[in-house]
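Reviewing the structure listed below.
A short reminder: the numbers here are calculations on the coordinates, not readings from a lab. Quick caveat, the model's predicted, so the values are computed rather than measured. So basically every Cβ, Gly included, is an ideal-geometry build from the backbone, and we count neighbours across all protein chains shown.
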Amino acid sequence: MNILRPATLILVILVSHRDPANPIAPQIPSLASVVAQQPNLAQVLVGRLTAADYSLCANSLMLLNAISRDAMKSDFKEWTRYVRIIYSYGANRNVSVHPFSGSVNCRWADLVRY
């Protein structure tokens, strides 16, 4: 699990800075289209939202959000397909019913609003 946190964060950074029009920006494909081709990626990310490792949960949620923002910039059809895929794996359930208590709950609520 220790390698998953930084690897997921690296993907967040790459997806967040993806700009096909800029030759200096990282030229990676839209991860929303990758998720459409390999839905196991979405299943893994959504499954991590209920992990006991809060850093892994946060990084997975950030990656799901980054992919969603990137897909919205690229193509609305791609975004709707991506949203259907992550919802089919229960992304909305996993975020809304995550069992937290105390101050951690406030931090998680801030991430969800992000």
*Gain in length, A7 to I24, computed as 0.36 nm per residue apart minus the alpha-carbon separation, to one decimal in nm?*
3.9 nm
*All other residues with a Cβ under 13 Å from the Cβ of G90 taken together, and with Lys, Arg as +1 and Asp, Glu as -1, what is their net charge?*
+3
